[in-house]
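Below you'll find the structure, written out as structure tokens, and then a few comments.
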Amino acid sequence: MNQLLSVPSQVGLVLRAVRKSAKMSQKQLAAKLGLSQNRVSELETDPGSMRVDQLLAVISVLGLELQVQTRGGSPVAGSEGGRGEPTAGEVEW
């Protein structure tokens, strides 16, 4: 899946769509993240309330990755690799 995101509300829509396509309930995702179902609902409806580390944990659990690139171009120089995927246990919600 490749999805261009330009406004925060799109993040929640994509997360919800991917979760549903994985046949995962909010409750199941919440359990994997150590959150309540209500908090997962909030993250999907108001993704602007999420910190970057929290977003990375959610996308990791959903089997996604975040890629930053120049508009219409290649990944940003130096963004390859990284420090590994975050785990839900490393995130303070």
**Report entry** Residues of segment 49-91 satisfying the condition of being of a type in the set (D, E, K, R), at pLDDT 70 or above and either part of a loop (DSSP other than H, G, I, E, B) or more than 12 Å from the chain's Cα centre (by Cα) (or both)
**Finding:** 51, 65, 71
Query raised in the report: Can you tell me which residues in segment 1-29 are open to solvent by 100 Å² or more (accessible area, probe 1.4 Å) and touching a helix residue (DSSP H, G or I) at 6+ places or on another chain (Cβ under 9 Å)?
Result: 1, 3, 4, 13, 27
Query - Only one of 1, 24 that is outside any helix (DSSP H, G or I) and either more than 28 Å from residue 69 (Cβ to Cβ) or modelled with pLDDT of 95 or more (or both) - result: 24
Query raised in the report: Do any residues in segment 39-59 that are among the β-branched types (Val, Ile, Thr) have Cβ atoms under 7 Å from those of residues that are in a helix (DSSP H, G or I), where the two are at least six apart or on different chains, and which pairs are they?
Result: 40/26; 40/29; 40/30; 45/12; 58/15; 58/33; 58/43
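The values are calculated or read from the model by the stated rules, or taken from the named source; none is laboratory data. If you're wondering where the values come from, they're calculated on a predicted model, not measured in any experiment. In this analysis, Cβ positions are derived from the backbone assuming ideal geometry, glycine residues included, and neighbour counts consider all displayed protein chains. Just the protein is used for accessible areas: all its heavy atoms, side chains included, with ligands, DNA and RNA removed. Shrake-Rupley method; radii C 1.70, N 1.55, O 1.52, S 1.80 Å.
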